[in-house]
Amino acid sequence: MSIEAQAWELLEKSILTYQGREIGTIAAKDPEVVALNYDQCFVRDFISSALLFLMRGRTEIVRYFLEETLKLQPKTTQFDSSKPSRGLMPASFKIIAYEGGEYLKADFGDHAIGRVAPADSGLWWIILLRAYTISTQDFSLAHQPDFQEGIRFILELCLVTRFDMYPMVLVPDGASMIDRRMGMYGHPLDIQSLFYGALRASLELLVENDDNQKMIQGIHSRLIPLRRQLRENYWLDPDRLNVIYRYRVEEYGEEALNQFNIYSDSIPFYRLAKWLPEAGGYMAGNLGPSQMDVRFFTLGNLMSIVSALATERQSHKILNLIELRWTDLVGQMPMKLCYPALEDAEWRIVTGADPKNRPWSYHNGGSWPVLLWMLTAAAKKMNRGELAHHAIAVAERRLVEDQFPEYYDGPDGRLIGKEARRYQTWTIAGYLLAKELLAHPEHLQLISFDWEPK
Ligand code: GLC
């Protein structure tokens, strides 16, 4: 049987049924380890499966998922810290059998390790709703009043009054796919790129009426400053490196160039200058007061190409970097979640000495096959399909034999992750989705955005 046929068989087995209808996919089906919460359907994990189902015309499962997760979203404002806030979408849900029936139990991070709130769930949810709408050409679901309200409530969490002076969205550490402490507190790129995509998707989905008017205005006034901030201040290439290296500090007032008061000594310039090829560039991992995290975060960089947060030129430079630093970023398994890993004292302080996130493992420089589809989408969008072909060929050498692990370890991604689940659904779906995007690039439109908003 071909690798694809085997992967499809496993994906079918991961489908969850709720009240007699297909609703999502289980995170992992590893028979050899305790399930913990991997027996649940995670919103972010389901995106890979959902896009694939849409591309194959299986729209019903995605529709049901969107409808049922919307019902889980809290709708009332209450100042009760023991309850999730209005608008939050769950990280995951579980099907519970009860008195002969079934109900869904959501986890908003209130059960998760470290009690981390999933800021990415709602953003992905909006992006998926747009993909569903494009794929079915049916706007009626997104235009239903409950869906319009659901979008507004998600965006309210990102756009309303808050303690921040920047256009980026402010989130706690571990609020995304990296759901443990990893120095992502503040304005991590991974969230900003999804935020930008979700804002643009919302402009396509929100009907112009009285209920939405304020929200649409809010999106418009956020979109351009957000994009400018990311394209200018997160961007790192050899030219920018030279500018930042010689930044003045302690500048007061509106004319300040070094707006974030970044001190040169906080950035490993010599290592970076050596690593960053002349033709390459990328968006920094995080930016805040006297903080610029220069680690390369893959999801954020790839999604900034897909969502057109990065310019065309920047998008090419990001792909150039991946191509020219292939051994570091792709290695034996596409691809690193972030690069480089935090080591020694930095690992101790930034991760809280988390043994699961020790250097070159899991979120701290581990390699995640699910990222293969994002690499493929970004490469295809920029007409650089050969990068995706190459990465898929690397992944195919190992995935089946290793039983589709959740992640790989080591600076070259050669080891199966120390605590990785096998038969991890988004590994399986991510691989299939990458193949599908290569074979049918027209499906890229489900997830991709044109350069400037219409
Ligand atoms: C881990 C990952 C998270 C994922 C979940 C289910 O918690 O860090 O990103 O959603 O597993 O696969």
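Before moving on, here are some points about what is shown:
- Cleavage-rule hits, GluC sites (Glu not before Pro), the range 151-223, DSSP coil, Cβ neighbours within 10 Å at most 16: Glu208
- Relative contact order, whole percent, for the range 327-449 stands at 30, derived from Cα pairs under 8 Å and 6 or more residues apart.
- Trypsin sites (Lys or Arg not before Pro) within the range 205-277: DSSP coil, no more than 10 neighbouring Cβ in 10 Å: Arg246, Arg248
- Residue among Ala439, Phe153, Ile267 farthest towards the positive dipole end of the chain, charges placed on Cβ: Ile267
- Over the chain: helical MRE at 222 nm, DSSP H runs n ≥ 4 each giving -39500 (n - 2.57), nearest 500: -13500 deg cm²/dmol
- Hydrodynamic radius by Kirkwood, which averages 1/r over all alpha carbon pairs of the range 324-419, in angstrom: 13.6 Å
- Rg in Å to one decimal, and Dmax rounded to a whole Å, for the range 234-324 via C-alpha atoms: 13.4, 41
- Inter-label distance, Ser221 to Glu67: 3.7 nm, where each label sits 7 Å from its Cα along the C-beta direction.
- Neighbourhood charge, 14 Å Cβ-Cβ cut-off, centred on Ser315 and excluding it, Lys, Arg +1 and Asp, Glu -1: +2
- Three-way shape label, the range 40-220, alpha-carbon gyration tensor, a/c 1.5: rounded
- In the context of the full set of protein chains, the chain has a per residue accessible area of 42 Å² (1.4 Å probe).
- Inter-label distance, nm, simple model (7 Å from Cα along the C-beta direction), Glu419/His111: 1.8 nm
- Between the range 266-305 and the range 216-256, the alpha-carbon center distance in angstrom: 14 Å
- Ligands, DNA and RNA left out, the accessible area of the range 234-324 computed with a 1.4 Å probe is 51% carbon and sulfur.
- Longest stretch of the chain clear of exposed loop sites (chymotrypsin sites (Phe, Trp or Tyr not before Pro), DSSP loop, at most 11 other Cβ atoms within 10 Å, sites excluded): 253-450.
- Atom-type composition of the exposed protein surface of the range 327-449 places 49 percent of the accessible area on carbon and sulfur (1.4 angstrom probe).
- Cα convex hull of the range 211-263, projected area averaged across orientations, nm²: 4.7 nm²
- Qualifying GluC sites (Glu not before Pro) in the range 318-370, DSSP loop, other Cβ atoms within 10 Å at most 15: Glu343
- Note, ³J(HN,Hα) from phi for the range 326-334, Karplus 6.51, -1.76, 1.60, rounded to Hz, x at Gly and Pro: 4, 4, 6, 9, 10, x, 8, 7, x
- Scattering curve values for the chain, log₁₀ I(q)/I(0), Debye with Cα scatterers, q = 0.06, 0.10, 0.13, 0.14 Å⁻¹: -0.23, -0.68, -1.23, -1.46
- Our summary gives the range 196-296 a relative contact order of 25 percent, counting only alpha carbon pairs under 8 angstrom and 6 or more residues apart.
- Proximity of backbone amide H atoms, modeled 1.01 Å from N, is registered between Ala310 and Ile305 at under 5 Å, excluding neighbours fewer than 5 places apart on the same chain.
- Centre separation in Å (Cα based) which lies between the range 107-135 and the range 306-335: 25 Å
- To put it simply, the accessible area of the range 60-143 at a 1.4 Å probe is 54 percent carbon and sulfur.
- Euclidean distance of C-alpha centroids, the range 355-371 and the range 143-204, integer Å: 24 Å
- Taking Lys and Arg as +1 and Asp and Glu as -1, the other residues whose beta-carbon sits under 12 Å from that of Gln6 total -4.
- For the residue pairs Lys381/Lys418; Lys29/Lys356; Lys29/Lys435; Lys13/Lys105, alpha carbon separations beyond 32 Å are given by Lys381/Lys418.
The values are calculated or read from the model by the stated rules, or taken from the named source; none is laboratory data. Computed from a predicted model, the values in this text were never measured in an experiment. Note that each Cβ is placed from the backbone with ideal geometry, even for glycine, and that neighbours are counted across all protein chains shown. Quick note on the areas: whole protein, heavy atoms, side chains included, nothing else; ligands and nucleic acids left out. Shrake-Rupley method; radii C 1.70, N 1.55, O 1.52, S 1.80 Å.
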